[in-house]
Amino acid sequence: MELPPRYNFNDVEDKWCKDWEEKNLFHAQANPQKKSYTIVIPPPNVTGILHMGHALNNTLQDIIIRYKRMQGLETLWMPGTDHAGIATQNVVEKQLAKEGKSRQDVGREEFLKRLWEWKNQYGDTIIHQLKKLGSSCDWERTRFTMDEPYSAAVKHAFVSLYKKGLIYQGQYIINWCPRCQTALSDEEAEHQDTQGSLYHIRYPFKDDPKKFVTVATTRPETMLGDTAVAVNPKDKRYKKLIGKTLILPILKREIKIISDEFVDPKFGTGAVKVTPAHDPNDFAMGKRHNLEFINIMYPDARLNKNAGPFAELDRFTARSKVIETLKDSNLLEKMEQHSHAVGHCYRCDTVVEPYLSKQWFVKMAPLAKPAIAAVKKGKIKFTPARWTNVYLNWMENIRDWCISRQIWWGHRIPVWYCSHCPEGKNIIVSETTPNECPHCHSKKLKQDEDVLDTWFSSWLWPFATLGWPQKNKDLEYFYPTASLFTASEIIFFWVARMIMAGYEFMGDLPFSDVYIHGTVRDAQGRKMSKSLGNALDPLEIIKEYGADALRFSLIINSGQDLFISKEKFEIGRNFANKIWNASRLILMNTAIENKAIDLSKDIAYDKLDLPSQWIISRFYSTLSNVEKAVENYRFSEAENLVYEFFWHNFCDWYLEISKNNFTDPVVQKITFAILKQSAQMMHPFMPFVTEELWTHLKSGEETIAQSAWPKVHKKLIHSAIESEMQTLTELIAAIRNTRAAWNVKPHEEVECHLTSSAKKDIDLLRDNGNILKSLAKIKTLHVDSHLTKPADSAAGIVGKIKFFIPLGSFIDLAKEKQRILSQIQEQTKMSEGLTGRLKNKNFLKKAPAEVVGKEKARLASIQTRITELKEAIKNLG
RNA sequence: GGGCGGUUAGCUCAGCUGGUUAGAGCAUCUGACUUACAUUCAGAAGGUCGAGGGUUCGAUCCCUUCACCGCCCACCA
């Protein structure tokens, strides 16, 4: 076999990427003969470039998809990208800015043209990168949230919700990003703790300007929009003042003191300035008390004419000017340090402004109902389970969803206004562009300028990608999907909304399992980000270590949040190399004609020697445990299992033993069959190296990706065999250990005497003498049930087996004595502890008989061991 | 302010219904060019399982208090 000693992953991975795609291997089709297993990819943003989070997310999906595919299910992994409204628009705006232009300069139509150009040029980047990872998506189906059919689905969803009265338009305070100049949903405003100041400002009374009420605020510039001061009706300090008139400083506007339960008497001064147009609470108070709503800002957060002397200033400049002015007129009582959470735009990190504007909203409570019930009933399960509460908590307190965005990249809201009909009656909501007003037949219609929140399209992803609202076979066959893999940040944005959409539009859940994986961080625990410069580029890792290594290393570290540094990828690279070289050894030494070996039929298991029985048993018990682990989403455990089996059972022991017997056709068969099935077992985790090996292991034309997952033969799993072999390996380890302690050169062969009081052991040792001799480098081996310790020999014990290695000139009696003495000490300590426990009446009464029995046996063996050790010391003289 | 998670070897983490001597990888140290692999092999050392209290015959595991770290949610100006 002409395999090179160093596994060349770059070439191999490129080759199979191409091959799989050319064969369109992962294309799924409705097939009533089989059960379906569907995953929809969390669509990365078209602007996205592959980062470690994607790598982890997609590896997880690929593992389970490949696993289920091999298990014979019709697996569909639906890929695609999200148009990512604001994010993408920002990218192209930056491009324009380099030419010194704004989007307004070029106009909507031209700007959209630019966006599409950008999308067509760069939008597939991340798709290509996902392929390099080995993702076995159905690439033929790749979707984009702004594809024509998908857009139709979005419109359909909007219109259908509108018809049910679940979508409404209204003037409310929303989160406004002054840089993006658009509304944001509550989820899109990220709260960051900020050290700010709490300003205490004096508002003088109209009828006694020397007296005043002091209010506290963190945003003093908003005072220019104040239309009242509120106090708690129960607050004794202010009770008498309710209804009095104050003079708003600077603008000299007369405002009233009102009372409202909302006010917390304990915070600040107990008196709150009320700015109904710039604060959500004040907005509510404004409605309750019929206050005036004064908007003091332009959409870019400069102050407008209503701000009087501060008009045209930026909000933060205005803030300091206001403070200065108040100081000058002695109306600033004090400034306190105050830390509070300030909302920031999740796309550009600008401080968001609570801003009064007309927006579209979705009424969420009715949608949440079935989505809550589904999770409570366990129809949808979160893994890890603790996310269930996070989800339920949010859903039970859900607020209406602001879905309109004042940007241009996205699905335009399917609403038209008739310029002839009166306000309020002029709205036309339609899936298709209307020609005329249905009421007055006017043709003067104008479409709503806004587009929909990106998430208003992605919440339809599990079914809109399958052709909804059209009814078709695919939708019927592949929906509901099976599992969804995502990070916790996305639960509210996407997962919760998909569940609601699933029930609302499909009448059924979108998926039954939600797997929430950890965040990938750097070695210091910081999030990976470009600006910090700590981001490891998965593509670089793929180049340097291989995609299999990237995948394997990420997953084996993925118990919770991952702390990743470059060296962590060595484990995967080394393992791939190990697999490669073990295969070389086997392929170089075996001549297998019929490559389809069924270990349960083609081998006389009962006649095999211990190591062969053992490796077969180990393989099937590992396989069975891997299945359990994957089914329960315990991926890192699954990888640990295959790693342990392949490296430390198969390579370290079985292959080492078999090396000497490779001429035996039975050993060849077994070795080959185990390698072949191991490759299959490891394929979901390391698709490339296993696919490459498969070309040498398979009998037909199929790829390993399409091959059938090996069947667990329970009859070939024997714990007795596994424990016998364990005795043997422990004995070998103990002999090696003793040799090392005495500085016996590794290749120097020694004499060894073995004995045991159990006949079983004697048989075991006699049957496997060759193995002992070769692996423990023993020249002459003496096995005897009655044996006295040879002079000048080092001794050791494994279970009931004692071994002696005559060391002649090597031996240092004092040192050996010391060794044995410390062993005696250790054993005595243990036996004392055990004796104490076995004398405890409560223990004997309450502990299960099984445990008591085990402890008794343990004590007995420790005691014999102690006497033996003592004897050994006597023999030393 | 509410909620959740974490604290186990120098580092990163397993330890899945409480029960032998708490495991692995990396790093460290000793030794080995053994013809599959030095991305290797053979060994060693390293832990009062964050602290206190409780439940139990028995606690890394259950309860409780505390400390520190992290995350999420939140309209206290």
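The values are calculated or read from the model by the stated rules, or taken from the named source; none is laboratory data. Bear in mind that the values here come from a model prediction, so they are computed numbers and not experimental data. Here the Cβ is made from the backbone with ideal geometry for all residues, glycine too, and neighbour counts use every protein chain on show. These accessible areas exclude ligands, DNA and RNA; they are computed on the full protein's heavy atoms, side chains included. Shrake-Rupley method; radii C 1.70, N 1.55, O 1.52, S 1.80 Å.
The table below lists the values:
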| item | result |
| --- | --- |
| Residues (surrounded by fewer than 20 Cβ atoms within 10 Å (Cβ to Cβ) and touching a residue at least 40 places away in the same chain (Cβ under 8 Å)) located in the range A:549-570 | A:Ser558, A:Gly559, A:Gln560, A:Asp561, A:Phe563, A:Ser565 |
| Meets criteria (open to solvent by 40 Å² or more (accessible area, probe 1.4 Å), under 22 Å from A:Gly196 (Cβ atoms) and more than 9 Å from RNA strand B (Cβ to nearest atom)) for A:Asp300 | yes |
| Scope the range A:18-56; condition under 18 Å from A:Ile490 (Cβ atoms) and aliphatic (A, V, I, L, M); matching residues | A:Ile39, A:Val40, A:Ile41, A:Val46, A:Leu50, A:Met52, A:Ala55, A:Leu56 |
| Failed item, numbered, when A:Lys800 is tested on (1) within 10 Å of RNA strand B (Cβ to nearest atom); (2) surrounded by 15 or more Cβ atoms within 10 Å (Cβ to Cβ) | (1) |
| Residue ID - farthest from RNA strand B (Cβ to nearest atom), chosen from residues in the range A:192-245 that are under 20 Å from A:Asp279 (Cα atoms), open to solvent by 10 Å² or more (accessible area, probe 1.4 Å) and among the small types (Gly, Ala, Ser) | A:Ser197 |
| Residue ID - nearest to A:Phe511 (Cα to Cα), chosen from residues in the range A:437-486 that are assigned to a loop (DSSP other than H, G, I, E, B) and charged (D, E, K, R) | A:Lys471 |
| Residues (open to solvent by 10 Å² or more (accessible area, probe 1.4 Å), closer than 25 Å to A:Asn58 by Cα and either without any contact (Cβ under 8 Å) to a residue 24 or more places away in the chain or in contact with a strand residue (DSSP E or B) (Cβ under 6 Å, 6 or more places away or on another chain) (or both)) located in the range A:78-122 | A:Ala87, A:Asn120, A:Gln121 |
| Identity of the residue in the range A:718-733, more than 8 Å from RNA strand B (Cβ to nearest atom), buried (at least 16 other Cβ atoms within 10 Å of the Cβ) and among the hydrophobic types (A, V, I, L, M, F, W, C), that ends up farthest from A:Leu608 (Cα to Cα) | A:Leu731 |
| Residue within the range A:271-283 that is modelled with pLDDT of 90 or more, near RNA strand B (Cβ under 9 Å from one of its atoms), in a loop (DSSP other than H, G, I, E, B) and under 30 Å from A:Phe456 (Cα atoms) present | yes |
| The lone exception for A:Ser809 - which of (1) surrounded by 12 or more Cβ atoms within 10 Å (Cβ to Cβ); (2) at pLDDT below 80; (3) part of a helix (DSSP H, G or I) it fails | (1) |
| Filter result for A:Arg858 (within 9 Å of RNA strand B (Cβ to nearest atom) and charged (D, E, K, R)) | yes |
| Residues of the range A:591-625 classified as part of a helix (DSSP H, G or I) and not basic (Lys, Arg), total | 17 |
| Test: residue in the range A:348-360 that is at pLDDT 90 or above, assigned to a helix (DSSP H, G or I) and in contact with a helix residue (DSSP H, G or I) (Cβ under 8 Å, 6 or more places away or on another chain) | no |
| A:Ser678, sole failed condition from (1) open to solvent by less than 20 Å² (accessible area, probe 1.4 Å); (2) more than 13 Å from RNA strand B (Cβ to nearest atom); (3) closer than 16 Å to A:Met70 by Cβ | (2) |
| Residue satisfying condition, being within 16 Å of RNA strand B (Cβ to nearest atom), farther than 23 Å from A:His648 by Cα and in contact with a helix residue (DSSP H, G or I) (Cβ under 9 Å, 6 or more places away or on another chain), within set A:Leu562, A:Leu587 | A:Leu562 |
| Residue check, A:Leu313 among the aliphatic types (A, V, I, L, M), without any contact (Cβ under 8 Å) to a residue 40 or more places away in the chain and open to solvent by 20 Å² or more (accessible area, probe 1.4 Å) | yes |
| Looking only at the range A:485-525, and only at residues there that are within 16 Å of RNA strand B (Cβ to nearest atom), touching a residue at least 40 places away in the same chain (Cβ under 8 Å) and of a type in the set (Gly, Ala, Ser), the one that is surrounded by the most Cβ atoms within 10 Å (Cβ to Cβ) | A:Ala496 |
| Considering residues of the range A:251-270 that are open to solvent by 10 Å² or more (accessible area, probe 1.4 Å) and in a strand (DSSP E or B) only, the residue farthest from RNA strand B (Cβ to nearest atom) | A:Glu254 |
| A:Gln863 vs. criteria more than 10 Å from RNA strand B (Cβ to nearest atom), open to solvent by 40 Å² or more (accessible area, probe 1.4 Å), farther than 20 Å from A:Asn737 by Cα and part of a helix (DSSP H, G or I) | yes |
| Residues located in the range A:583-599, provided they are under 15 Å from A:Val667 (Cα atoms) and open to solvent by less than 50 Å² (accessible area, probe 1.4 Å) | A:Ser583, A:Leu585, A:Ile586, A:Leu587, A:Thr590, A:Ile592, A:Ile597, A:Asp598, A:Leu599 |
| The range A:739-772 - residue that is within 12 Å of RNA strand B (Cβ to nearest atom) and in contact with a Phe, Trp or Tyr (Cβ under 8 Å, 6 or more places away or on another chain) and, of those, farthest from A:Leu807 (Cα to Cα) | A:Asn743 |
| Members of the range A:773-806 found to be within 55 Å of the chain's Cα centre (by Cα) and either basic (Lys, Arg) or part of a helix (DSSP H, G or I) (or both), listed by number | A:Lys773, A:Ser774, A:Leu775, A:Lys777, A:Lys779, A:Lys800, A:Lys802 |
| Residue list for the range A:628-650, filter: within 11 Å of RNA strand B (Cβ to nearest atom), assigned to a loop (DSSP other than H, G, I, E, B) and crowded, with 17+ Cβ neighbours inside 10 Å | A:Arg634 |
| Residue list for the range A:784-806, restricted to those being under 12 Å from A:Ile873 (Cβ atoms) and at pLDDT 80 or above | A:Ala795 |
| Of all residues in the range A:320-374 being polar (S, T, N, Q) and surrounded by fewer than 17 Cβ atoms within 10 Å (Cβ to Cβ), the one that is nearest to A:Glu187 (Cα to Cα) | A:Thr350 |
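Here's the yes/no breakdown for (1) in contact (Cβ under 8 Å) with a residue 24 or more places away in the chain; (2) assigned to a loop (DSSP other than H, G, I, E, B); (3) open to solvent by 60 Å² or more (accessible area, probe 1.4 Å):
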site	(1), (2), (3)
A:Ile65	yes, no, no
A:Arg69	yes, no, no
A:Thr75	yes, no, no
A:Met146	yes, yes, no
A:Ala153	yes, no, no
A:Tyr162	yes, no, yes
A:Ile173	yes, no, no
